[in-house]
Structures are given as structure tokens and as C-alpha cells.
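Worksheet for the structure shown next.
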Amino acid sequence: MSAEKLEKPWTPSGSLRDEFAAQQSDLRDPVHDTLHRGLKARQISMIALGGAVGTGLIIGSGTALVRGGPLGILLGYSFVGLVCYLVMVALGEMAAYLPHKKGFAGYAARFVDPAFGFALGWNYLMKYLIVTPNNINAAGAVIQYWTRHVHIAVWMVACINLLGVRVFGELEFWFSSIKVVTLIGLLLMGIIIDLGGNPHHDRIGFRYWKHPDGPMGSYLLSRVHNPHLAIFLGFWSTLTNALFAYIGTELIGVTVGEAQNPRKNIPIAIRRTFLRIVVFYIGGVFVIGLLVPRTNNDLFVANKSKTGAAASPFVVATTLVGIKVLNHIINAAILIFVLSAANSDLYIGSRTLYALAIEGKAPRIFRRVNRMGVPVPALLLCTAFCGLVFLNVHSSSQKVFGWFVNLVSTFGAITWMCICYSHIRFMKALNAQGISRDSLPYKAPLQPFGSWFALISTGIITLFKGYDTFIPFTKDTFVTSYIGLPTFLVCWGGYKLYYRTSVIPSDKVDLITGKREIDEEEERFVADEEAKGPQPLRRRIWDSL
């Protein structure tokens, strides 16, 4: 199909609202009062790392270890890591081809159905309205290891986002760099302790992988009265915990609107981010399984931990072998982890709301940005939701953490499934219009089977992730485990009924509009960089981090 035929975007037939037609006719990025392309590849990958490596590994792994055992947690995190990789490369293919400022909700609206994009956009926004207070709540749990006299609301810090994207990107780069150094240190510390480098000179080895501690957990054994079923339920629990842990890697799809030279930098950032996260997550849970028995009572377990329990298994590990002071240092580093993650999540939430407003799917006030390209109204609304952390006034931080984990994992899983389906539709549109995937700036491997596998796997985990709410039935955990599903369907169906939209045929998907402007912008950036002349070796190494 020729480019001329594609220049006019397709709109569904039937009697449509004029407003809908006006919204969908402009698929280009806004020119004025918009986000600034100020993020480098190293900053994008570190922002993604900062948002993803947080409570899921540092705190949530305690719950996974207790329920699934050391082998169960390793298998669960490895499997979901594979699914995460397939989601990332699918997103990378779309983002490198069309790095617009509307996020992956824009891809859903463009390649599938405007109603699908609307539902995905608001689903993703709701995820970040919840995950930011979740990280603040986690900070409170970390502090409670030392004292219960400091209220967690003290840690609601968001001012860094008002400094502009360049300042934010650089500061978050350094915060996340601290995370990387700390995680490397924790992994090395764990291996040294396991091999006998501890005050007791005790070579632990795989001791905790043997009976009665491991290698698999026995979750809900007292209720199901079947050892084999309890082992399976424990393993399944690690899948849901791992899903929560890996969710956040997809936020690279939001940063593309502020990325420099996105055709080149987005694929680089995706590869770096996934490699770092898999190394830290799989390596981290492996080390945790070596150092801490799953039967230890000091582990932080969502919904039932005792007051003052260590928020992280790494803290428990140092205490068990008698290392003094280090547990407090690690706890302080973990506090930086979760606050950095909260800061990164607040950034992404505000940009998601901005993208919805640009598409006409949120009030116009959220389109406004200041002179530095910061969407201040969107940022203020997202900051206001941090008040959800006050749920701790009537419930323990452990119980509230469990609620937030349920909500975030459901919203995040729906996002992953929507990304995969959008990518499947994108590939079908390319094929229908005679465009080879070999011509794309970045071609995702293992396709189309990879996206289908990730879509189905995530769907199964999501559907059955709240099984323990029925043994016995618990209202609060049932609601938080599944409320995301009907919310998404209501948003999708409501928009579809009101605007009478339909799925866009593959041969009518608009693959052209806005692409030329992005190509020209990229050419100007490359020309400007070449005009600066050869960069010194120190600079090239720095940018390659």
C-alpha cells in the first residue's frame, strides 16, 4: 500500500462524536508546550532500573522465599524474567519505529483500537497512582526496623520532579547508580558469607536448600492438607511475586517521548535495562535462598509480619551470621532504594497522565507544562495520591503492602498483555501493508511467538494470582487482587460504546503519520552531534554506561 493512501488516518465507520474525530485526526506529537527530548540512553536505562529494582526484589522477595522456598523463588523469577524480556523487545520494536510522546497507550490506540488505548492509558496511570505510595509505605516498613516513632508520610518527597527533565534524569541516574553499586556489593557479600567469610566461619553452602528448610516451600499446607499441592501453590506464589518485581521495566515506553536520538538509544536502553534487571533479580534471589532459611521468623511477609521485622532478607542474612552494624548500613541503602523508586514512579505517572491529556483522553489542564517541559498539573495530581499511604494509620504497613502489591501487579500485568497484543497487531499491519520487519530500526527476536507466549503466560498468572484469597475467602485481598480486571473492561467498553469505535483493520492501520517529523528530528540531532566533532574517550565511555 502506498504512503499516499496511508496519509489520511482511518476512522471507524458509523455515527461518531465530532470530538472523537478531532482527537483521532491528529496523530502527530505536539510542537509547542511539550516534553523536552533531554534523556540520554544511560539516563533512560537507569530511570527504568530505578523504577523496577525496588520493593519487588529488596522487600517482596521475603514473602516469595517463605512461600516458595529457595528453588521455587529461583525458578519463578527466572520464568517471569523470560516473559519480561519478550515484553521488552516487543515494546522496543514499536518504540524504535515510532518514538512518539504518547507512550504505549498511543500504540494501542493506533494499532488496535482507540478504546483499547484509552483503557490501557488509564490502567497504567492507576498503576502509578498506587505504586508510588506503595514505595513510600515500603520506606515506612524499612524505618520500622529502627523505630516506630517516625511516620511514613515524612518520606513523601517529590520535589525533584519539578526541576526539569535534564536535572531529573541526571539525579535519577546517580540514585540508580547507587542502587547498582549496592546490589553488586550485596551479591558479593552474599557469596562471601555463604562460602564461610563470616564471623562464625561457617560455610553455609546449600544448607537451606535441604530438609526441613528447602528446596521448595509448602504454602497453605495447613489448609489444603496435601503436601504436593502446597508445594505447587508455593511455587505459583513466587510467580505472582516475581510479576510484581519485574513490573516497571516497561516504563521505557513512556520515556521515549523525552529520549535523545530515540531510534538508536531506545533499543540500547532496553537491552541494558533487561540485562541489569535479570542479573540483579535472578542473582539476588539465588543469593537470598543461600543465606536465609525460608522458615526464619524475621522475614518480612505481606499481611502478617511482626512489628520490627527486617524489611529485606539481606538484613536478615547479616543478622543470622552475627555481622554487626552492617545490617543498619544495608537497611539505610534499602531506604534509598525505595525512595528512589518512588521518585521514578512519580515521574512516570505524571508523564502518563500528560500523554492521556495530549490524546484528549484526560482533562486539558494536564497538557500544561512549564518552561522546562515538566507537566506540573499532572505531577501535582499524582503527588496527591501519595496520601494513600495514610492507610497505615488503621492497618499495619505489612498488610497495606500486600494490598498495594495486589493492585500494582494486576495493573502491571494488564499493561504487559496490552503491549504484547499491540505488538501483534503492529506486526500484522506491517505484513498487510507490505512492510518488511527487516527494514525496522529494531527487530524484536522470537516473534511473533514471543509476544503470544508472553501474552498468554501473563494472562494465566494474572487470572490465578489471587487463588489464596479463597483459602479461606478474604474480602480485602480478593478485591485488591482482581479489581483491576473489571476496571480495565469498564474503561474499554465504556469508551467503545460512547464513541462507537471498532478494531482497526490491519490494512488500515496508520503507520505513516508523524514518522517523517521524527525522522527529521533525528537527522537534526545526528547532524548537531557530528558538528561537535569527535568526543573524547572519557565522554564516550561515560555515555556508554
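The values are calculated or read from the model by the stated rules, or taken from the named source; none is laboratory data. In this text, all values refer to a predicted model and were calculated from it rather than measured experimentally. Here the Cβ positions follow ideal geometry from the backbone for every residue, glycine too, while neighbour counts run over all protein chains shown. Heavy atoms of the whole protein, side chains included, go into the accessibility calculation; ligands, DNA and RNA do not. Shrake-Rupley method; radii C 1.70, N 1.55, O 1.52, S 1.80 Å.
Yes/no matrix, rows are residues, columns are (1) polar (S, T, N, Q); (2) modelled with pLDDT of 80 or more; (3) open to solvent by less than 10 Å² (accessible area, probe 1.4 Å); (4) over 14 Å from the mean Cα position of the chain (by Cα):
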position: LYS101; (1), (2), (3), (4): no, no, no, yes
position: MET126; (1), (2), (3), (4): no, yes, no, no
position: ALA138; (1), (2), (3), (4): no, no, yes, yes
position: VAL157; (1), (2), (3), (4): no, no, no, yes
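Between ASP438, ASP468, which is in a helix (DSSP H, G or I), touching a Leu at 6+ places or on another chain (Cβ under 9 Å) and more than 18 Å from TYR107 (Cβ to Cβ)?
Of ASP438, ASP468, the one residue that is in a helix (DSSP H, G or I), touching a Leu at 6+ places or on another chain (Cβ under 9 Å) and more than 18 Å from TYR107 (Cβ to Cβ) is ASP468.
I need a count of the residues in the stretch 332-349 that are open to solvent by 30 Å² or more (accessible area, probe 1.4 Å) and under 15 Å from LEU186 (Cα atoms).
The total comes to 2.
Could you tell me which residue of the stretch 320-331 is most open to solvent (accessible area, probe 1.4 Å), considering only residues that are closer than 23 Å to ILE178 by Cβ and in a helix (DSSP H, G or I)?
Residue satisfying both the conditions and the ranking: ILE329.
Any residue in the stretch 165-188 that is at pLDDT below 75 and outside any helix (DSSP H, G or I)?
No; the residues of the stretch 165-188 include none that is at pLDDT below 75 and outside any helix (DSSP H, G or I).
Scan the stretch 337-379 for residues that are farther than 30 Å from LEU57 by Cβ and in a helix (DSSP H, G or I) and report the count.
The number of residues fulfilling the criteria is 8.
Can you say whether ILE365 is at pLDDT 85 or above and closer than 18 Å to PHE385 by Cα, as far as the supplied structure shows?
yes
I'm checking my understanding of the structure. Among residues of the stretch 272-302 that are more than 21 Å from MET216 (Cα to Cα) and touching a helix residue (DSSP H, G or I) at 6+ places or on another chain (Cβ under 8 Å), which one is modelled with the highest pLDDT?
The extreme case among them is PHE280.
Here is a check on your reading of the model: is PHE411 crowded, with 16+ Cβ neighbours inside 10 Å, within 21 Å of the chain's Cα centre (by Cα) and modelled with pLDDT of 85 or more?
Answer is yes for this residue.
Could you please tell me which pairs satisfy a Cβ distance under 8 Å, a separation of 6+ or placement on different chains, a first residue in the stretch 84-95 that is open to solvent by less than 10 Å² (accessible area, probe 1.4 Å), and a second residue that is outside any helix (DSSP H, G or I) and at pLDDT 90 or above?
none
Does at least one position in the stretch 221-233 carry a residue that is touching a residue at least 60 places away in the same chain (Cβ under 8 Å) and buried (at least 21 other Cβ atoms within 10 Å of the Cβ)?
yes
Of all residues in the stretch 480-524, how many are within 29 Å of the chain's Cα centre (by Cα), aromatic (Phe, Trp, Tyr) and open to solvent by 40 Å² or more (accessible area, probe 1.4 Å)?
1
Name the single residue that is least open to solvent (accessible area, probe 1.4 Å) among those in the stretch 353-389 being among the aromatic types (Phe, Trp, Tyr) and closer than 26 Å to GLY514 by Cβ.
TYR354
Quick one: is SER344 modelled with pLDDT under 75 and farther than 24 Å from ASP476 by Cα?
yes
Answer yes or no as to whether TYR107 is part of a helix (DSSP H, G or I) and farther than 17 Å from LYS428 by Cα.
For TYR107, the condition - part of a helix (DSSP H, G or I) and farther than 17 Å from LYS428 by Cα - is not met.
Hey, among PHE488, PHE478, which residue is part of a helix (DSSP H, G or I) and touching a strand residue (DSSP E or B) at 6+ places or on another chain (Cβ under 9 Å)?
Only one candidate passes the filter, namely PHE478.
Only one of these conditions is not met by GLY214: (1) modelled with pLDDT under 75; (2) in a helix (DSSP H, G or I). Which number is it?
(2)
Given the conditions (1) surrounded by 15 or more Cβ atoms within 10 Å (Cβ to Cβ); (2) touching a residue at least 12 places away in the same chain (Cβ under 8 Å); (3) more than 20 Å from MET94 (Cβ to Cβ), report the number of the one that PRO448 does not fulfil.
(3)
Take ALA317 and decide whether it is modelled with pLDDT of 80 or more, open to solvent by 10 Å² or more (accessible area, probe 1.4 Å), in a helix (DSSP H, G or I) and out of contact with any Lys or Arg (no Cβ under 9 Å at 6 or more places or on another chain).
In short, no.
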